[in-house]
1. Would it be correct to say that Ala299 is touching a helix residue (DSSP H, G or I) at 6+ places or on another chain (Cβ under 8 Å), exposed (fewer than 15 other Cβ atoms within 10 Å of the Cβ) and modelled with pLDDT of 90 or more?
2. Looking at Glu202 and the list (1) part of a strand (DSSP E or B); (2) free of Cβ contacts under 8 Å to residues at least 24 places away in the same chain, which single condition is not satisfied?
3. Looking at Ser221, is it under 23 Å from Asp190 (Cβ atoms) and either β-branched (Val, Ile, Thr) or assigned to a helix (DSSP H, G or I) (or both)?
4. Confirm whether Leu242 is touching a helix residue (DSSP H, G or I) at 6+ places or on another chain (Cβ under 8 Å), modelled with pLDDT under 95 and surrounded by 17 or more Cβ atoms within 10 Å (Cβ to Cβ).
5. I'd like the full set of residues that are modelled with pLDDT of 90 or more and either exposed (fewer than 14 other Cβ atoms within 10 Å of the Cβ) or touching a Cys at 6+ places or on another chain (Cβ under 6 Å) (or both), limited to region 166-183.
6. Got a number for residues in region 10-19 being crowded, with 19+ Cβ neighbours inside 10 Å and closer than 21 Å to Val222 by Cβ?
7. For region 203-223, give me the residue count where each residue is charged (D, E, K, R) and surrounded by 13 or more Cβ atoms within 10 Å (Cβ to Cβ).
8. Quick check on my filter: what residues within region 211-267 are of a type in the set (Lys, Arg), closer than 30 Å to Leu28 by Cα and free of Cβ contacts under 8 Å to residues at least 60 places away in the same chain?
Amino acid sequence: MKSRRLLSMMLLLQARHRMTAPELAEQLGVSVRTVLRDVVALANADVPVFAERGRFGGVVLLPGSQLDVSALSRAEVDALKLLGLDPGQARQLGIDSTTRSAQRKIAARRPPGRQSELPLSEVIVVDNTPWFSPMPSIVGIAELARNLQSGRRLRIHYRRSAEKDASWHPVDPYGLLVKSGRWYLVADVDRLPRLYSLERLEGWEVLPEVRRLRPNATLASVSRDLSAAVENRGAVTIIATLKKDRLDLARRLLGSRLASSQPIDAEQVEITVIYDQVESVRQLLQFGAHLHVTSPPEAQIVMRDVATAMADLYQG
């Protein structure tokens, strides 16, 4: 367990060169004291890693230090090949050739294992593109990622979903989040976390000031909290009956919004769907006559009005 943790610490530091002890502790799932003990253990093993004190201190891996892939187990090499971005996302970042080069080097130095067993990476493929949704074309994402590496504040030109025109906002960025095949900028605004869809980001400027992040807040922790807030903000509970043979489709299309399903009889199930507003019930129109909203009454009114408008549109 400790050797695997030390390996994980080396990989994190090799990617970022400098991290605070609390950041490492959160990523590794251990205490800050354990992180500091592991730093000492790595230093005693002649790994060029050390801890710096002070306001801008942290755990530092000297530039140029590289992890020897030959020291990895077969399972660890396999895991490295599965983790991270899919080819489409790597292409958007402009690192697809680098990714392929790294994969070739890892494959060439695969540790020995049971030759009769196929590697896990040969029986699993990672594709984060949502169903029925083309990969969005986002101009400048590779440049934005490079700008974020400067650790500076940004001034973004962003159009909110409810607004017609974009406006400028200064933000303190943590970095980029890929969620369900879509890119988001994760940033603080007045010390409050926000998610910005890159599909509505029309431009940005790098400011001279260093970003000001909240203590102990990391890209991983802030992204996790924001994702949970989006999924748990539902305020409207929709009850509907659905044809049983459409339940698998509902699970795929509704995702976490589908809170529960209970059989009614051999042909129907009762489903509970959670939305943040009643107007979102329009999504259920795609099930046509296979679904009937039974409550609340305001959701039934929305479904009736939209269905009536559609019927009038196609009348005759």
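1. Taking the combined requirement at face value, the residue does not satisfy it.
2. (2) is the only condition that Glu202 fails.
3. yes
4. Answer is no for this residue.
5. Across region 166-183, the qualifying residues are Ser167, Trp168.
6. Here the count works out to 2.
7. 3
8. Answer for region 211-267, where residues must be of a type in the set (Lys, Arg), closer than 30 Å to Leu28 by Cα and free of Cβ contacts under 8 Å to residues at least 60 places away in the same chain: Arg212, Arg214, Arg224, Arg233.
The values are calculated or read from the model by the stated rules, or taken from the named source; none is laboratory data. What you see is a predicted model; the values in this text were computed from it and never measured. Reconstructed Cβ throughout: ideal geometry from the backbone, glycine too, with neighbour counts over all protein chains shown.
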